[in-house]
Amino acid sequence: MADSGIGARALRKEDHRFLTGQGHYTDDINVHGQLYAYFLRSPHAHAAIRKVDTGAASKSTGVVAVFTGADVAADKIGGLICGWTVTDRHGKPHKAPPHPILAHEKVRYVGDHVAVVIADTLTNAKDAAEKIEVDYDVLPAVVDVAKAMDAKAPQLHADTPQNLCYDWLLGDPAQVDAALAKSHHVAKLDLVNNRLIPNAMEPRAAIGEYDGGTDSYTCHSTSQNPHVLRLILCAFILGIPEHRVRVIAPDVGGGFGSKIFCYAEEVVCLWAAKKVRRPVKWTAERSESFLSDAHGRDHVTHVELGMDKDGKFTAMKVETLAAMGAYLSTFATCVPTYLYATLLAGQYTTPIISANVKAVFTNTAPVDAYRGAGRPEATYVVERIVEVAAREMKMDPAEIRRRNFVKPDQFPYQTPVALQYDSGNYAKALDDAMKLADYAGFASRKAEAAKRGKHRGIGFSAYIEACGIAPSAVVGSLGAGVGLWESAQIRFNPTGTAQVLTGSHSHGQGHETTLAQVVGDMLGLPIENITVVHGDTSQVPFGMGTYGSRSLAVGGSAAAKAADKIIAKGKKIAAHLLEASVDDITYAKGTFRVAGTDKTKSIGEIAFAAYVPHNYPKDLEPGLDETAFYDPANFTYPAGVHICEVEIDPDTGVTKIVNWAAVDDFGKVVNPMVVEGQVHGGIAQGIGQGLLEGCVYDKETGQLLTGSFMDYCMPRADDLPSFKVGMIETPCPHNPLGVKGCGEAGAIAAPPALVNAVTDALGIRHMEMPLTSERVWRTIHKMAAE
Amino acid sequence: MHNFDYHRPTSLADAAKRLSGEAKLVAGGMTLIPTLKQRLAQPSSLVDLGGIAELRGIKPEGGGLTIGAMTTHAEVAHSAEVKKTIPALAVLAEGIGDPQVRNRGTIGGSISNNDPAADYPAGLVALGATVITDKRRIAADDFFKGMFETALQDGEIVTAVSFPRPDKAAYMKFPNPASRYAMVGVFVARTGGGIRVAVTGAGPGVFRATEMEKALAGNFSADAIKSVKIPAAGLNSDMHGSAEYRAHLVNVMARRAVTACS
Ligand SMILES: Cc1cc2nc3c(=O)[nH]c(=O)nc-3n(C[C@H](O)[C@H](O)[C@H](O)COP(=O)(O)OP(=O)(O)OC[C@H]3O[C@@H](n4cnc5c(N)ncnc54)[C@H](O)[C@@H]3O)c2cc1C
């Protein structure tokens, strides 16, 4: 028992099937009679479609059907939606131009879907696609977020002058300006948050099936949130009743946000399945993933931070341009607003903050949530400007942070940017991280490195994030089209084992283990006796899926609530069996007891009695099966301090990360091994953004230049040091488990720690990510940019 | 991938016979198969060299080594014979791609493909190797002809590469951070025929840094070439590295290779 309860480093239950090649991913699933879909994609970033001739393709070997945007329009199929309406500074809703599942009249990015071929084999589908003739009228394109609003920039959509989706404001810039004017010093910085391509290991895939007998559909999809996908497919796009659609997201090999969204391909598979009366399957090739998965980040920001003569922050002003890509993806609009500007207080007591965000359309793939979603961008702005401030004030970077931290006795702490932080101990995380990083020894390490001709630098990042996006009423008031609660159901079997059904979805995070640990701990079951079920709308109660590090804080809390209900019912059954009053029954670790006696019943005996109710309370329903929905009272606020140490080779400009210390506060930790895994992966991704990754489109043609792993640089094991990971625990006060969420922290914390370290090593103010060796080399040798 | 016929001959003669029309040789397939999958090539048939025993293996010969065309990068990297005779070549092979690529990719495939960022061309040119085909022997200097071009004629098959034993040799590679091919790779070798410095990755094809060779002939030390600038004009320039940066890296990698020779 002890070795699989809350706090145990239990090995992951799911790994047996993953490591032995027995996982079931969407592409592993083959349905009798299935056909294959192949999408013809736009080779142009911006063009009018004059004509699409599918005649020859339709007659090609094995082809069952070829569909274009005209067929979609004829069938009156709805477009893809954006599920979060942002209200601009003038009280108007954002611009959400039509986003058809197959382009109609115009294409707006390289990779935009122009037509789909459905054939008996993928090869035949591809052969046929080569025979489709599309007559394009190529238009000028704009791919650079900084240029999207230029007078000369081409306009992507009919009623979006200057390509503006919204001009949004939080706080009062005039008040902030006044405070900045009175400040002792104002640090200023312009920075870019580089565009990233997610690259989950498993590419997106979908199978659409239609059953004419029952007029119902099944959609297998690589989704992070199958119920949300079903809702969007039914209520907004295809107009099918929800009860006749089953969405299954089986094993999913990573998502990082990119699989939250409803994409054209899965809609097309479902729509086409009914048209051709056969199942239709599509699996993305890696090149298609690069072109068409929603990308992340892509911000350009100006920030000003005022401070008094002691380095206490007085006010902060932020102006950001955020790319939406060519169309709005499912949650694109909330990322640079409610998940970004609301985090600009960081861990600090900056009294007033204003943020103006302009979201713009560019001729690029849609941009949406990617690991951290908005919070990495906010943390980058805050932790870079704080670093610049420290240097300009000639203060130690740790000291300026410490001086401005929200103190433990200030919680709950109301920030000037809407959020109310619930708990934390930022100074403790800083102290621990400095010890872990041996900050005291840095000066001598730097001197020793200098003797070897190397530049050594150190950088801090004191990050905060808001996880488990909630409560529903609050997100609703901010424009969300959904609630953000979670559901769980615990189904006991008569023999004492249990199934836990969750509305959250695991795509690598290890829910099958950690949720089993939570429930097992509460119900006195070893995790081997618990199966966690997720990802099938016909099996699990309606759930909101997994993103924003919400599964444990929200989904785990729902499971804990369901376990509470099981225990409450169990007490009634135990009272009956033990001939005692319910009030006299105590419960601990799977055992019901008449208080102060040795009269007990195990939870297994209770389950058996519930299903074989021969001797049973008269007024009680049989069965031991409880469902709970949990809507949190607040976000959770994981926070921590990461310290990065680098050594730079001035001959080549290569940056080597020589040390990484992370101290995170995730509240209560259910499985330290799983949490460390999440931290490691997150830091790796953050280092990827800082050092290596960057999506590049050709500025003129809008072609994706980083369209494969030959050019898009993913972090590899040998780019990374061995991480030193520490944790502190200030439990979340408002959820039953005291947990905060850990999935995104590393990706949020890492980029500014790295850039702070490199700029420290080089003695410069700023440098844009990724910090490629050539950029570093040019900086060292004071050469103009390449 | 378009459909094609597949042959796996067991003799060189049979392989040569099969090479008519739009037929193509396949060795490790590490370059060819992705090209087929992307529909960038449409051969009528593939002639797999994997079944021809005589194309495999590493043999000591005349003080140097002869390496069969179908010898994989992993075999070269791990060969005791190579480590003893030309350790720098084992290092070069160990630095190619990843374990999967090293276990499939071959020396014959690599040089026949002549990717401007491939590692082997630098090794062959610096060591003054000879490429042996089913028809003739070609000096490495004459074999590599610029980007993806070689002296091979239609239907000509590389059977082996013959390397003399160098007195000293070292290879230094600055990998492209994404692909890990050579952004710049410099192979320095001192053989009976003199000192050679061959550069890959930096230009449209492998080339010799003759000014460096001259400087090293007088004084074989890293300092001797410190001031020898490689002109950036004509070098490759892409998002990973400008021509100017590559030119600089050639100097850095060359100095490191010379240092490693000692
Ligand atoms: C992920 C990845 C990373 C890589 N990294 C590197 C790297 O770091 N450095 C590097 O140098 N290379 C790298 N490569 C390329 C690798 O070395 C391949 O082995 C090489 O490109 C081709 O060898 P192959 O045996 O696979 O040839 P194939 O792909 O089978 O053939 C390549 C070409 O050569 C022709 N050919 C093959 N054998 C002969 C022959 N005997 N005679 C005449 N023609 C022939 C074929 O017809 C074809 O045109 C990488 C490849 C991949 C996929």
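The values are calculated or read from the model by the stated rules, or taken from the named source; none is laboratory data. Note that the structure is a prediction, hence the values are computed from the model and not measured. Cβ coordinates were reconstructed from backbone atoms using ideal geometry, including for glycine residues, and neighbour counts include every protein chain displayed. Note: accessible area is taken over every heavy atom of the protein model, side chains too, but ligands, DNA and RNA are not part of it. Shrake-Rupley method; radii C 1.70, N 1.55, O 1.52, S 1.80 Å.
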Wholly inside region A:97-181, strands (runs of 3 or more DSSP E) that include 1 or more residues that are of a type in the set (Ser, Thr, Tyr) are A:133-138, A:164-170
Conditions (1) within 14 Å of the ligand (Cβ to nearest atom); (2) loosely packed, with under 14 Cβ neighbours inside 10 Å -> B:Glu75 fails only (2)
Of all strands (runs of 3 or more DSSP E) fully inside region B:122-227, the set with 3 or more residues that are at negative phi and of a type in the set (Val, Ile, Thr) is B:130-133, B:158-163, B:182-191, B:194-200
Checked A:Val658, A:Val670, A:Val674, A:Val663 against criteria (in a loop (DSSP other than H, G, I, E, B) and touching a helix residue (DSSP H, G or I) at 6+ places or on another chain (Cβ under 9 Å)); the one match is A:Val670
Check region B:54-63 and report whether any residue there is within 14 Å of the ligand (Cβ to nearest atom) and acidic (Asp, Glu).
yes
By residue number, the members of region A:486-505 that are surrounded by 24 or more Cβ atoms within 10 Å (Cβ to Cβ) and part of a loop (DSSP other than H, G, I, E, B) are A:Gly503, A:Ser504, A:His505
Going through region A:154-177 in order, the residues found to be open to solvent by 20 Å² or more (accessible area, probe 1.4 Å) and among the aliphatic types (A, V, I, L, M) are A:Ala158, A:Leu164, A:Leu169, A:Leu170, A:Ala174
Among residues of region B:21-40 being more than 6 Å from the ligand (Cβ to nearest atom) and open to solvent by less than 30 Å² (accessible area, probe 1.4 Å), the residue nearest to the other protein chains (Cβ to nearest Cβ) is B:Leu36
(Q) I'd like to check something: does region A:443-454 contain any residue that is in a loop (DSSP other than H, G, I, E, B), at pLDDT below 95 and in the same structural domain as A:Ile748 (by TED's automatic domain parsing)? (A) no
Answer yes if at least one residue in region B:173-191 is more than 14 Å from the ligand (Cβ to nearest atom) and open to solvent by 30 Å² or more (accessible area, probe 1.4 Å), and no otherwise.
yes
Pairs returned, first residue in region B:116-142 that is in the same structural domain as B:Ser179 (by TED's automatic domain parsing), second residue that is open to solvent by less than 30 Å² (accessible area, probe 1.4 Å), beta-carbon separation under 7 angstrom, 6 or more apart or interchain, are none
task = Inspect region B:42-50 for any residue being touching a residue at least 40 places away in the same chain (Cβ under 8 Å) and within 26 Å of B:Asp141 (Cβ to Cβ) and give the result as yes or no.
result = yes
Filtering region A:288-329 down to residues that are touching a Gly at 6+ places or on another chain (Cβ under 6 Å) and under 25 Å from A:Gly253 (Cβ atoms) yields A:Phe290, A:Leu291, A:Ser292
Residues of region B:235-246 being open to solvent by less than 30 Å² (accessible area, probe 1.4 Å) and more than 12 Å from chain A (Cβ to nearest Cβ), in sequence order, are B:Leu235
Going through (1) in a helix (DSSP H, G or I); (2) in contact with an Asp or Glu (Cβ under 9 Å, 6 or more places away or on another chain); (3) under 25 Å from A:Leu692 (Cα atoms) one by one, B:Arg255 fails only at (3)
Yes or no: region A:649-661 includes at least one residue that is under 22 Å from the mean Cα position of the chain (by Cα) and either within 14 Å of chain B (Cβ to nearest Cβ) or open to solvent by less than 20 Å² (accessible area, probe 1.4 Å) (or both). no
Residue count, region A:572-583, condition within 46 Å of the chain's Cα centre (by Cα) and open to solvent by 60 Å² or more (accessible area, probe 1.4 Å), comes to 3
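Yes/no per residue for (1) touching a helix residue (DSSP H, G or I) at 6+ places or on another chain (Cβ under 6 Å); (2) touching a residue at least 40 places away in the same chain (Cβ under 8 Å); (3) surrounded by fewer than 24 Cβ atoms within 10 Å (Cβ to Cβ); (4) away from chain B (no Cβ under 14 Å):
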site: A:Gly681; (1), (2), (3), (4): no, yes, yes, yes
site: A:Gln685; (1), (2), (3), (4): yes, yes, no, yes
site: A:Met727; (1), (2), (3), (4): no, yes, yes, yes
site: A:Ala757; (1), (2), (3), (4): no, yes, no, yes
site: A:Met769; (1), (2), (3), (4): yes, yes, no, no
site: A:Trp777; (1), (2), (3), (4): no, yes, no, no
The residue that is farthest from B:Pro60 (Cα to Cα), considering only those in region B:141-172 that are within 11 Å of the ligand (Cβ to nearest atom) and at pLDDT below 95, is B:Asp154
Residue pairs within 8 Å by beta carbon, gap of at least six or interchain, first lying in region A:622-644 and farther than 21 Å from A:Arg550 by Cα, second assigned to a loop (DSSP other than H, G, I, E, B), listed first then second, are A:Pro622/A:Pro613; A:Pro622/A:Tyr616; A:Ile643/A:Ala437
Does A:Asp88 count as over 30 Å from B:Gln38 (Cβ atoms) and either among the β-branched types (Val, Ile, Thr) or surrounded by fewer than 16 Cβ atoms within 10 Å (Cβ to Cβ) (or both)? no
Note on region A:692-710: residues open to solvent by less than 30 Å² (accessible area, probe 1.4 Å), within 12 Å of chain B (Cβ to nearest Cβ), of a type outside the set (A, V, I, L, M, F, W, C) and assigned to a loop (DSSP other than H, G, I, E, B) are A:Glu693, A:Gly694, A:Thr706, A:Gly707
Of the conditions (1) within 9 Å of the ligand (Cβ to nearest atom); (2) open to solvent by 10 Å² or more (accessible area, probe 1.4 Å), the single one that B:Ile132 does not satisfy is (1)
The condition from (1) more than 14 Å from chain A (Cβ to nearest Cβ); (2) in contact with a Phe, Trp or Tyr (Cβ under 9 Å, 6 or more places away or on another chain); (3) small (Gly, Ala, Ser) that B:Ala139 misses is numbered (2)
Filter region A:203-216 for residues that are more than 16 Å from the chain's Cα centre (by Cα) and charged (D, E, K, R); the one that is surrounded by the fewest Cβ atoms within 10 Å (Cβ to Cβ) is A:Asp215
Return yes or no: is A:Arg246 farther than 27 Å from A:Gly707 by Cβ, charged (D, E, K, R) and away from every other protein chain (no Cβ under 14 Å)?
-> yes
